[in-house]
Amino acid sequence: MPRRRPGRPRRDEIRPTREVVLAAASALFAERGFDAVGLRDVAAAAGVDVATVVHHTGTKAALYDACFARVFAAEREVLTRAAEQAHRALDAGPHAAHHALHELVDVFVDFLEDRPETTALWLRRWLEPQRHAELDQRYADPLYGLVAELLTAAAAAGALAEPTPHITVRSLVWATHGHVVALAAGAPGARERREFRAFVHRLLDGLYGSSPTP
């Protein structure tokens with residue numbers, strides 16, 4: 001087996017070019033917004049030429065869309081798994097259902113804390129609410145709907161009372177994005193994380209009552 005030359009990365013350490021381009025583009029769009037980023041900027045940040053960017057993503061609009069698709073796919077994966085577990089818990093009664101909701105919120109907060117570029121990218125998009133609205137339809141609404149449907153099912157099973165699940169979901173999402181912004185702005189990390197997590201769990205208990213003793 002040939003020896004790896006010094007300084008040469010292992011094959012499994014090499015990120016696919018498209019992922020490198022999307023990561024660079026996501027960071028730039030999150031920092032500057034759509035209009036202030038050109039394909040040459042993305043190419044420079046990714047360490048490739050413009051032709052490579054175009055080859056992997058097409059136009060700037062297609063690249064912008066791909067950045068949101070990328071964060072959506074990662075978020076959908078973790079939330080779908082947590083929501084499926086919560087759905088299964090509904091059959092076990094209110095206590096298990098409440099516990100599963102708390103776990104789902106932890107999963108969501110963990111995801112955004114670990115991937116703050118997701119929040120930054122969405123905040124740039126929401127600065128112009130009427131522009132690129134199709135991104136919300138493709139990459140935000142499905143996740144809102146996933147959790148809202150879970151709350152509706154929990155209410156139907158008698159585990160909680162929730163008259164406006166879509167409002168509850170959006171409120172929790174915005175609160176968590178605000179928390180991530182505070183961390184990025186320099187709020188004390190460990191303390192902010194503990195306090196926000198405790199707040200979200202108190203909020204859930206306030207909305208639906210403390211989880212009953214089994």
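Principal axis analysis of the Cα atoms in the range 165-205 yields extents of 32, 19, 6 Å, listed in decreasing size.
Near P116: Cβ cut-off under 14 Å, other residues only, Lys/Arg at +1 and Asp/Glu at -1. The net charge is -4.
Under a Cβ-Cβ cut-off of 14 Å, what is the net charge of the residues other than T176 that fall near it, where Lys and Arg count +1 and Asp and Glu count -1? Local charge sum for T176: -3. The Cα atoms of the range 71-214 define a convex hull whose projected area, averaged across directions, is 8.7 nm².
For K60, the shell of other residues with beta-carbons less than 13 Å away shows a net charge of -1, using +1 for Lys and Arg and -1 for Asp and Glu.
Within the range 1-157, the percentage of alpha carbon pairs spaced more than 21 angstrom apart rounds to 57%.
The calculated FRET efficiency for A62 paired with R88, based on their beta-carbon distance and R0 = 45 Å, is about 0.75. Ranking V78, Y144, H166 by Cα position along the charge dipole of the chain, where only Lys, Arg, Asp and Glu carry charges on their C-beta atoms, puts V78 farthest toward the positive end.
Would you please give the FRET efficiency between D106 and A73, computed as 1/(1 + (r/R0)^6) with r the Cβ-Cβ distance and R0 = 25 Å, to the nearest 0.05?
The formula returns an efficiency of 0.75 here.
Restricting the calculation to alpha carbons of the range 136-211 gives Rg and Dmax of 14.2, 42 angstrom. Rounded to the nearest 10 degrees, the inclination of helix 94-114 to the longest alpha-carbon principal axis of the chain is 20 degrees.
In order along the range 169-183, the Karplus-derived 3J(HN,Hα) couplings, from 6.51 cos²θ - 1.76 cosθ + 1.60 at θ = phi - 60°, round to 5, 5, 5, 5, 4, 5, 4, 6, 4, x, 4, 5, 4, 4, 5 Hz, and Gly and Pro are given as x.
With all protein chains in place and ligands, DNA and RNA left out, the 1.4 Å accessible area ranks L143, L127, L183, L203 as L127, L203, L183, L143, largest first. Modelled this way, with points 7 Å down the Cα-to-C-beta line, the labels at D114 and R138 are 2.6 nm from one another.
The values are calculated or read from the model by the stated rules, or taken from the named source; none is laboratory data. In this text, all values refer to a predicted model and were calculated from it rather than measured experimentally. Virtual Cβ from ideal backbone geometry, glycine too; neighbours counted across all protein chains shown. Areas reflect the complete protein model, heavy atoms only, side chains present, ligands, DNA and RNA absent. Shrake-Rupley method; radii C 1.70, N 1.55, O 1.52, S 1.80 Å.
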